[in-house]
1. What residue, of 155, 199, is at pLDDT 90 or above and assigned to a helix (DSSP H, G or I)?
2. Within the stretch 9-20, is even one residue closer than 25 Å to residue 147 by Cα and either within 14 Å of the chain's Cα centre (by Cα) or not in a loop (DSSP other than H, G, I, E, B) (or both)?
3. Return the pairs, sorted by first residue and then second, in which the second residue is near the ligand (Cβ under 7 Å from one of its atoms), the first residue lies in the stretch 197-208 and is in the same structural domain as residue 187 (by the TED database), the beta carbons are less than 7 Å apart, and the residues are 6+ apart or on different chains.
4. Scanning the stretch 180-195 for residues that are within 11 Å of the ligand (Cβ to nearest atom) and outside any strand (DSSP E or B), which turns out surrounded by the fewest Cβ atoms within 10 Å (Cβ to Cβ)?
5. Within the group 216, 113, which residue is more than 17 Å from residue 42 (Cβ to Cβ), touching a helix residue (DSSP H, G or I) at 6+ places or on another chain (Cβ under 9 Å) and either modelled with pLDDT of 95 or more or away from the ligand (no atom under 12 Å from the Cβ) (or both)?
6. Which residue is nearest to residue 33 (Cα to Cα), if the candidates are limited to the stretch 148-169 and must be within 11 Å of the ligand (Cβ to nearest atom) and in contact (Cβ under 8 Å) with a residue 12 or more places away in the chain?
7. Would you please name the residue that is nearest to residue 132 (Cα to Cα), looking only at residues in the stretch 42-89 that are assigned to a strand (DSSP E or B) and at pLDDT below 90?
8. Give the stretch 170-179 a look and list any residue that's crowded, with 16+ Cβ neighbours inside 10 Å and within 10 Å of the ligand (Cβ to nearest atom), or say none.
Ligand SMILES: N[C@@H](CCC(=O)N[C@@H](CS)C(=O)NCC(=O)O)C(=O)O
């Protein structure tokens, strides 16, 4: 599922008028924090539990849709509002990634149009995330904006190999950040997985690179 863009008040009304959860990010191009919130929402949109609930995520320009912004009392950007059946069910004012993440997950997992469903178990979520791509990197930030030196170096090494990979920003999800450490018995990030198997962190990848074994490890 991708993140849709809402350009008119009519698009906005049509978008939220559904029994499934809809999430709207009231944003502005000039606000740096809005870019971070958009990244958080893009990661949320990829989560198996969010996808399977049919939840939809959109961004709108708060200034362009000024009447809508007035109606929902958008005092500042970023603001994220969660709707169901056209009605606001929850909201987060400000760039609070942890709150946005937990509210979207709670609302999309527990109250779908089909009635209450059991929340997805953390272990199942972790397995699904680890297997989202043949080469999966759990890191701080993303490939365009790593938020830690170790993650940044790993991305530089991976980019040098030309191999295709996907990333997950553990700073957007405290449950995954702590849960994966325990699940894989590996206390730090970055963590690199190939076909669902943990290869290791930056030190291991550097070692594989200097032994000339990295490319073979990434393409088993
Ligand atoms: N020697 C480690 C370095 C990675 C590291 O020390 N990461 C720290 C700081 S970014 C970490 O993830 N700490 C746990 C946490 O932040 O949850 C490696 O090879 O990957």
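The values are calculated or read from the model by the stated rules, or taken from the named source; none is laboratory data. Given the structure is predicted, the values throughout are model-derived calculations rather than measurements. Note: ideal-geometry Cβ built from the backbone for every residue, glycine included; neighbour counts use all protein chains shown.
1. On the way: 199 fails: assigned to a helix (DSSP H, G or I).
After ruling out the rest, the residue left standing is 155.
2. Among the residues of the stretch 9-20, not one is closer than 25 Å to residue 147 by Cα and either within 14 Å of the chain's Cα centre (by Cα) or not in a loop (DSSP other than H, G, I, E, B) (or both), which makes the answer no.
3. Qualifying pairs under 7 Å: 201/188; 201/190; 202/150; 202/190.
4. 187
5. Only one candidate qualifies: 216.
6. Checking each candidate, the answer is 148.
7. Within the stretch 42-89, the match that is nearest to residue 132 (Cα to Cα) is 84.
8. Taking the stretch 170-179 and keeping what is crowded, with 16+ Cβ neighbours inside 10 Å, we get 170-173, 176-177, 179.
Selection gives 170, 171, 177.
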